[in-house]
Amino acid sequence: MQSKRVKLELTNDEALVLYDWLARFNQRDSADFADQAEERVLFDLEAMLEKTLVAPLQSNYAELLARARANVRDACE
């Protein structure tokens, strides 16, 4: 049985912040997964974002990430 597809929409900034977190998370030696399927989904999501984003390949990636984080972060009151 084939699963139905679910589409998620993210801004470029949200995608970059999520990609960076996933890349760091997926490099950890250990994680508390209830099932290996959870790990597989995170790896697959990172790969999908990696195919879409160009910022991680830019020489000013750290600056682009900092700007994206600032844009996504909740505004302080």
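In segment 8-22, what residues are under 10 Å from the mean Cα position of the chain (by Cα), open to solvent by 50 Å² or more (accessible area, probe 1.4 Å) and in contact (Cβ under 8 Å) with a residue 12 or more places away in the chain?
Across segment 8-22, the qualifying residues are E14, L18.
Which one is farthest from N71 (Cα to Cα) among residues in segment 41-55 that are open to solvent by 90 Å² or more (accessible area, probe 1.4 Å) and within 10 Å of the chain's Cα centre (by Cα)?
The residue in question is M48.
Determine, yes or no, whether E38 is open to solvent by less than 100 Å² (accessible area, probe 1.4 Å), out of contact with any strand residue (DSSP E or B) (no Cβ under 7 Å at 6 or more places or on another chain) and either part of a helix (DSSP H, G or I) or at pLDDT below 95 (or both). Explain how you work it out, then say what you get.
On the way: open to solvent by less than 100 Å² (accessible area, probe 1.4 Å): yes; out of contact with any strand residue (DSSP E or B) (no Cβ under 7 Å at 6 or more places or on another chain): yes; either part of a helix (DSSP H, G or I) or at pLDDT below 95 (or both): yes.
Spelling it out, E38 is indeed open to solvent by less than 100 Å² (accessible area, probe 1.4 Å), out of contact with any strand residue (DSSP E or B) (no Cβ under 7 Å at 6 or more places or on another chain) and either part of a helix (DSSP H, G or I) or at pLDDT below 95 (or both).
The values are calculated or read from the model by the stated rules, or taken from the named source; none is laboratory data. None of the values given here were measured: they were computed from a predicted structure. Cβ: placed from backbone, ideal geometry, glycine included. Neighbour counts: every protein chain shown. Please note that ligands, DNA and RNA were not included when accessible areas were found on the heavy atoms of the full protein model with its side chains. Shrake-Rupley method; radii C 1.70, N 1.55, O 1.52, S 1.80 Å.
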